[in-house]
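Structure first, then comments.
Computed from the coordinates by the stated procedures, all read-outs in this text should not be read as laboratory data. The structure displayed is predicted, hence computed values, not measured ones. Reconstructed Cβ throughout: ideal geometry from the backbone, glycine too, with neighbour counts over all protein chains shown.
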Amino acid sequence: MSIRPAAARDSAFHSSSLSLRGILADHGLLGTVGIGSLLLALVLAPLIGGYPPGAVYGADTALLAVRLLVCLAGVLIPPHLGTLLPPPSSPPAGGGEERGNGQADGSQRLFFFLPWLTFGLTLLSLLVHSRFLTSEVLLFALLPATLDWLCYALAATLSLRLARQDPRFVTLLTGALILGAAGVAITIARSYGAEAQAGNRGFRASGTFFSPNFAGGFLGLCLPIAAAACLAARERIGALVLGTITALSLGALVATGSRAGIAIAGLGLFVALLLALVSQRGGEARLPWARVGALLAAFALLGFAFRGPLTARAEGGGSGGGDEHSGAYRTLTWKGVVAMAAANPLLGTGPGTFSVRYPPYALVARTDLAHSSYLQTASEQGFPALATAIGTIAAVLFAGVAALLRRSDRGENSSDLPRLLLCGVLGGVVAGGLRSVFDSEWSLLGNGLAFWASIGLAGGIRLPPPVSGPGGGGALAPRIAAALGLVFSLLLFQVVQVRDAAEARYRQTRRQVEPVNVWPPDPNLLLYAGRPQEAARVEPSGKRWYQFAESLRRVGRLEEAITAYRQATKADPNALQTWRKLASVLQEQGRRGEALEAWRRIAALDAGLVGQVRAIPELREIHPAFAYAALATDAAARGARREAVANYEKAARVVEVYSNTTPQYQQMELYSAAVLGTDVEIRRQEARALYAEAMARWAALQPERRAEIEARRDATNARLDKFLRPDGGESQIPTESTLK
């Protein structure tokens, strides 16, 4: 296949060359369907895949839809698009360009190999930890996470191959990423606008994502790509549309209130602009500085319009996100994750198992995500998998920058689009790679798929663009892996449908559902069927052992319940709620010494890092109030009046701080309760009853302060009376305490 002249290469980027008829003619019906599936997955991933598996019921169905599309693309894209490079023709005089492409052969094969090596190590971790699929423990989590990494490998290598083989797909793939960003930006702008209109200008919008920070991470990745496409657009209308999307994405990024996300996105834009300036050649048009200025003006305008969350956070307010993490909390979490990874260096604890396996290593309250993609990969899949993932990113960045710098200048007035798009994609990869240091971006398909597709694009854009058309050879192993991914995705889809139907039946009847056998076993389905012990077996987490203990306590099997509570504390040593229930049952059993040990453990946790460094400082845990009250009662019984007064005051202070929770964080509490299955109304009633008792006993010990104590009590109760209420419970996930 010969290399075409510049004019022919330019035509590959014209809109006419992107027609469906042309792609059908070149790649056939099945190939076109496969290509369309990949493009559709990239558009839909941020719109429906912005939640981690199991975070919200219904999200799993959306995630499976994205996985199915990517695996379908891996199966249907024809073998001739699986070639790494087309057969070279005789080199032109001087041979400069072909030498550059020859040097790229090795790097392209490296790009192809490394993502699949990462997936292979992930698959090995799955097989080892599931005893080659014979163990049901955590299999429901291992399989989806492994499928995610299969999708990442497919997205990276398919994007690389499509871009290398046919320059039309550079435009289509970047267009899919930009279209997804437009959808997210519009959703965020609408939600923020509604909240701002209602007077809540500090609202941190998350749009279709699990939290504002993840939405910010996705937009930060796409911003340099959209900006580059705007600058390279030939038609003014195209530049106007792309510029509007870029500016709106920046405004939406500001509306998330993610300060790190904004800073990192700015760095990505700077890197893209710097690469565009450095890589310019004399025969090419200069950067359209008028467009650059227009974009900067639009950035300033929309950034100012959506500034509310940043202003509120600077003033100590703000809302709308579930991961308002302090630097200390994040740092201490990372230390725990490093210890977890060091204890499981080769294959980790298994993909998708972080939330279950991390709590014993936690220095602060547990979290479902490591707040770093790199550390989460190391802890779940092992350091070798982390090394190959980092190696892929580093190799792509190095090769992309090298390709921009080594281009030979032949004085051809070639299209500037591939060069500028490469600059934008590299800027996006820098932004996405840095953002992944601070959050578990790859745990969400909406972020991970876009990032790894950008990795493939960065490695696949060739300068100058190649000849489109088929090459030779295929890639059988990835297609087999994609076919198996389709099979397992369909199996998981069946499980999700059965589980969602069981949940719907429970909501209608408030009764346990009939047992249903599915593979892999789903702990929530087992819970709905009244089999909490089985749920704890397949998911040995503190949450499941706690639910099992609660079921035993309700039927009066208290000794067995105590054993299950202790198992829950081993699985999650920092769970204040579990320690409180254990202490209460021990106290009811007359085991006063053991109960006091449990109450002291809660007080120690609250006084230590767990209580002082919280994920959401604005939401106060109320469980320590019960511990302080119990310790105060014990002190009063021993005649230790000063100790009793101090502990009653601590108990009162916990509830008083909780009563000052702002409406925004009250709403967050209700949302978290719905996700976790907590009856927040009962929890509040218990807190009020405890508070009333603690204040009365405190006043009895210090009658000279009775007026002050009663004034504090009345003010606190008045604030609690104004708290937001649940919507009747229909939106709540059924819990073991409500199953009858």
Exercise. Using label points projected 7 Å from each Cα along Cα→Cβ, tell me how many nm separate Glu686 and Arg706, to one decimal.
Key: 3.2
Quiz item: Considering every Cα-Cα pair within the chain, what fraction, in whole percent, is farther apart than 52 Å?
Solution: 18
Quiz prompt | Cα-based reach from Lys570 at 19 Å (exclusive), listing lysines while leaving out same-chain residues under 8 positions away | solution = Lys543, Lys581
Quiz item: For Ile186 and Leu301, FRET efficiency with R0 = 22 Å and r from the beta-carbon atoms, rounded to 0.05?
Solution: 0.80
Quiz item: Based on the alpha-carbon gyration tensor of the stretch 541-601 and its eigenvalue square roots a ≥ b ≥ c, which shape applies: rounded if a/c is under 1.5, prolate if not and a/b is larger than b/c, or oblate?
Solution: oblate
Quiz item: In the stretch 125-188, which trypsin sites (Lys or Arg not before Pro) are in a loop and have at most 16 other Cβ atoms within 10 Å, using DSSP for the loop call?
Solution: Arg131
Quiz item: Ala718 versus Ala477, label points 7 Å from Cα toward the beta carbon: distance in nm?
Solution: 7.2
Practice problem: Assuming a ≥ b ≥ c are the square roots of the Cα gyration tensor eigenvalues, decide whether the stretch 614-740 counts as rounded (a/c under 1.5), prolate (otherwise, with a/b larger than b/c) or oblate. | Solution: prolate
Quiz item: Which residues' amide hydrogens lie under 5 Å from the amide hydrogen of Val513, considering only partners 5 or more residues apart or on another chain, with H built in the peptide plane?
Solution: Ala529, Gly530
Quiz item: Per residue of the chain, what 222 nm ellipticity follows from adding -39500 (n - 2.57) for every DSSP H run with n ≥ 4, rounded to the nearest 500?
Solution: -23500 deg cm²/dmol
Quiz item: Which loop trypsin sites (Lys or Arg not before Pro) in the stretch 622-666, with loop taken from DSSP, have no more than 13 other Cβ atoms within 10 angstrom of their Cβ?
Solution: Arg638
